[in-house]
Each structure stands twice: as structure tokens, then as C-alpha cells.
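I have placed the structure first, in the form of C-alpha cells, so that the comments after it can refer back to it.
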Amino acid sequence: WVLMVTAQTPTNIAVIKYWGKRDETLILPINDSISVTLDPAHLCTTTTVSVSPSFEKDRMWLNGKEISLSGARYQTCLREIRSRATDVEDEKKGIKIGKKDWEKLHVHIASHNNFPTAAGLASSAAGFACLVFSLAKLMNVKEDQGKLSAIARQGSGSACRSLFGGFVKWKMGKEEDGSDSIAVQLADEKHWDELVIVIAVVSSRQKETSSTSGMLESVETSMLIKHRAKEVVPKRIIQMEEAIKDRDFPSFARLACADSNQFHAVCLDTCPPIFYMNDTSHRIISYVEKWNRSEGTPQVAYTFDAGPNAVLIARNRKVAAQLLQRLLFYFPPQSDCDFNSYLLGDRSI
Ligand code: DP6
């Protein structure tokens, strides 16, 4: 027999960024972060996990290619979920798996991203969140989403935020064991549903410096990152929570843009400096800044993760339509750009 579960998890985009760890193994951050979760129908990871007595070892395929599960991050997620497995019964198939049996059974994991892996579109976030969520469903883990987020966090920090829909905060926590470093939902996807997210894929090439090694180098060499984590982000988190609660787009946009720019300033302040944005990214920033100034009040926010692709957040559908039209005019399709729009999304299903 084979027992199978399929789950779909959307990616999330940070509007107040996580950059820097205080514990590399447990993946504990040096500051809180806030993100929006995208609509799972579009930018997501789909993962099918299966278990069968005939499987001889744990195996995983990513986008059709087998990958090794020997890395510490995969091992931690598997171990943490397995240790919380409970009895599973499927009467129709006549399957009965006891709590203890899970230690001997092996799983096969097939995961698929419908967007470029490691191009700075938070593929590891959706990937680990989906892995943890689907394994938890398969093994009938009874922990709440917050506890699951702390497990997903140990796969990839940003993954903990993909366990929830809408607006999500990852609390850095204080405990040494990381038990209070979890994600919480600030508001669901219906709270501010006028927002439209437009992603400009400027390049789908794999980034040169991974987030993991980039943030480690920043923590080791940047002075600015200390000021950011201690002085800047704590205030911004409070202001961003307020802006989200009040659906205050001008404040939301001002904070998101400033935070993205400071994160990239920290990257430049790292030794050797890390360049994630390219000329097209810079042109998009200038364009949005000019547009916002000419309107007198922000219409569009921008944010860039560890890559050149722009995530633009339009205040409503009318602005999103204008934005797409203008982007296509300034950055025609043959110019290595590709634009798509997304709505805010719900959590894993
Ligand atoms: C720039 O979560 O990919 O996207 O925890 O080492 O796996 P690890 O890093 P990762 O870093 C994401 C960094 C970011 C900002 C963010 O998503 O908050």
C-alpha cells in the first residue's frame, strides 16, 4: 500500500525584511519581519508526500530531479515532524499506522515550484513550508500552525511566514531554543484585498550569493546591520503593523520601500559587497519613485529580495492595470522582463 498527501503552499514577500541570524543552526533572526502571502493558485510549491512499507529510504525530487535529503535543514524538518507523528488510519485502504511505526517507515517527497528556483523569489520559503505542512498532514501531527512555523523556520527562515495567509509577522523571539521564534498572522487576505502584487521578473538566473551566505557575511562585516536590527526595524515593525491595520497605503508604501532600500544598503555595506539588484531594478525604482511623487501620494510600493526581480504592490486594481501598461511600455517583452500580477493569498491547502 501507499498513502499520499498533496499540499500547496504560496510564497511570501517580506515588506520588512529578515536579514541576519543570531543562531545559524536553529535559524533565529536578529530582527522581526513582516510579509504578505501571495495567492496559492499562482506562485507556489506543490508537494506530494507518500509513505509505503516498500520504501527503503527517505527520498526527494525537486522539479522532477532527485535531490539529496542529507542536508541538516531537511533532516531537522523530517526529524521534528516524525517525532510528533500520531496514529493514522485509512479504513477504505485497510491501512493502520501506529505512532511508533513512523520511526521505521520512509517517505518519498515530490515537490514542484511553478516559478524559477533561487532567483530571489523566495522559493525556499514556499518549499520548506510546503514540506513541513504536507508531512504534518501525512503523519497526523496535531500541533497548531505556530508550532509548525517554528519547524518550517529550521528549513529556511522565511518559510515560517508561508504557513499563514494574508499579512504575517515572524517574531524573532528571545528564547535560546527558538521556541518563541514563530510566525503569527496579523490580518487575513480579505482584510486589505484592494492590493495587487505585480512581479517583474527581470532575470530568472540563479543568484550568485544565496541569502544564507549573504546574511552571514553581513552579520560578520557590516556595521549598518547592527544599527538596522537594533534601532530601525523595531520602530518600523510597529509602524508597519499600524499601517496594515488602518489600510494606510502611503505609510505602508513608504515603510516597505525604505526597508527594501536599507536591506540592499546593508548588502553594499557587507565586505565584499553583495549586489542583488541590477540596472533594470534601479530603473524600476526610479520610475516608481517619480510616479509616486507626481501623484502627490504613493500609488505603488516596491520591494526587492536577494535578487534583481521587482515586487511591486499597487494600491488598487486600477493602479495595477496602469502599472502593467506602463511597465510594458518602458520595459518591452524583448528586454528580458516578464510581468505578472497576483492577489493576496490564503495559507497552505
Ligand atoms: C531577503 O529565508 O532564504 O528574502 O533562513 O538562510 O534560508 P535562510 O534565508 P532565507 O532569507 C530570506 C531573505 C529575504 C528577506 C525575507 O524574506 O525576509
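The values are calculated or read from the model by the stated rules, or taken from the named source; none is laboratory data. Here the structure is a predicted model, which means the values were calculated and not measured. Neighbour counts are summed over all protein chains in view; Cβ atoms, including those assigned to glycine, are modelled from backbone coordinates with ideal geometry.
Picking from ILE197, ILE182, which residue would you name as being away from the ligand (no atom under 11 Å from the Cβ), over 25 Å from ASN114 (Cβ atoms) and surrounded by 22 or more Cβ atoms within 10 Å (Cβ to Cβ)? First the steps, then the outcome.
On the way: ILE197 fails: over 25 Å from ASN114 (Cβ atoms).
Going through ILE197, ILE182 in turn, the sole match is ILE182.
All told, ASP23 falls short of being buried (at least 17 other Cβ atoms within 10 Å of the Cβ) and not hydrophobic (A, V, I, L, M, F, W, C). Within the stretch 4-19, if we keep just the residues that are in a strand (DSSP E or B) and within 15 Å of SER162 (Cβ to Cβ), the residue that is nearest to the ligand (Cβ to nearest atom) turns out to be ALA14. Listed by first and then second residue, the pairs with beta-carbon distance under 7 Å, at least 6 apart or on different chains, first residue in the stretch 18-36 and touching a residue at least 24 places away in the same chain (Cβ under 8 Å), second within 7 Å of the ligand (Cβ to nearest atom) and among the small types (Gly, Ala, Ser), are TYR18/SER33; TYR18/GLY157; TYR18/SER158; ILE27/GLY157; PRO29/GLY157; SER33/ALA14; ILE34/ALA14; SER35/ALA14. Among the residues of the stretch 128-147, those identified as more than 16 Å from the ligand (Cβ to nearest atom), assigned to a helix (DSSP H, G or I) and either among the hydroxyl-bearing types (Ser, Thr, Tyr) or without any contact (Cβ under 8 Å) to a residue 60 or more places away in the chain (or both) are SER134, ALA136, GLY146, LYS147.
Which one is nearest to ARG153 (Cα to Cα), of the residues in the stretch 59-98 that are free of Cβ contacts under 8 Å to residues at least 24 places away in the same chain and among the polar types (S, T, N, Q)? Per the criteria, the residue is GLN75. Given the options MET215, MET240, name the one that is in a helix (DSSP H, G or I), under 21 Å from the mean Cα position of the chain (by Cα), closer than 25 Å to PRO298 by Cβ and within 16 Å of the ligand (Cβ to nearest atom). Matching residue, one of MET215, MET240: MET240. Counting the residues of the stretch 301-318 that are over 21 Å from the mean Cα position of the chain (by Cα) and touching a residue at least 40 places away in the same chain (Cβ under 8 Å) gives 3. Exactly one residue out of ILE197, ILE151 is at pLDDT below 95 and of a type in the set (A, V, I, L, M, F, W, C): that is ILE197.
Conditions tested, residue by residue: (1) part of a strand (DSSP E or B); (2) among the polar types (S, T, N, Q).
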{"residue": "THR37", "(1), (2)": "yes, yes"}
{"residue": "SER54", "(1), (2)": "no, yes"}
{"residue": "GLN75", "(1), (2)": "no, yes"}
{"residue": "ARG79", "(1), (2)": "no, no"}
{"residue": "ALA85", "(1), (2)": "no, no"}
{"residue": "ASP101", "(1), (2)": "no, no"}
{"residue": "SER111", "(1), (2)": "yes, yes"}
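Residues of the stretch 290-309 that are part of a loop (DSSP other than H, G, I, E, B) and crowded, with 16+ Cβ neighbours inside 10 Å: PRO298, GLN299, ASP305, ALA306, GLY307, PRO308, ASN309. With respect to TYR287, is the statement that it is crowded, with 16+ Cβ neighbours inside 10 Å and either over 17 Å from ARG315 (Cβ atoms) or among the polar types (S, T, N, Q) (or both) true? Spelling it out, it is not the case that TYR287 is crowded, with 16+ Cβ neighbours inside 10 Å and either over 17 Å from ARG315 (Cβ atoms) or among the polar types (S, T, N, Q) (or both).
Inclusion of LYS169 among residues that are farther than 25 Å from THR6 by Cβ, assigned to a strand (DSSP E or B) and not aromatic (Phe, Trp, Tyr) is warranted.
Here are some residues: PRO250, PRO273. Which one is over 19 Å from ILE199 (Cα atoms), surrounded by fewer than 23 Cβ atoms within 10 Å (Cβ to Cβ), at pLDDT 95 or above and out of contact with any Pro (no Cβ under 9 Å at 6 or more places or on another chain)? Of the residues listed, the single one that is over 19 Å from ILE199 (Cα atoms), surrounded by fewer than 23 Cβ atoms within 10 Å (Cβ to Cβ), at pLDDT 95 or above and out of contact with any Pro (no Cβ under 9 Å at 6 or more places or on another chain) is PRO273. Among the residues in the stretch 158-179, are any under 14 Å from the mean Cα position of the chain (by Cα), within 13 Å of the ligand (Cβ to nearest atom) and basic (Lys, Arg)? Checked against the condition, which is being under 14 Å from the mean Cα position of the chain (by Cα), within 13 Å of the ligand (Cβ to nearest atom) and basic (Lys, Arg), the stretch 158-179 yields at least one hit. Residues in the stretch 20-56 that are hydroxyl-bearing (Ser, Thr, Tyr) and within 16 Å of the ligand (Cβ to nearest atom): THR25, SER33, SER35, THR37, THR45.
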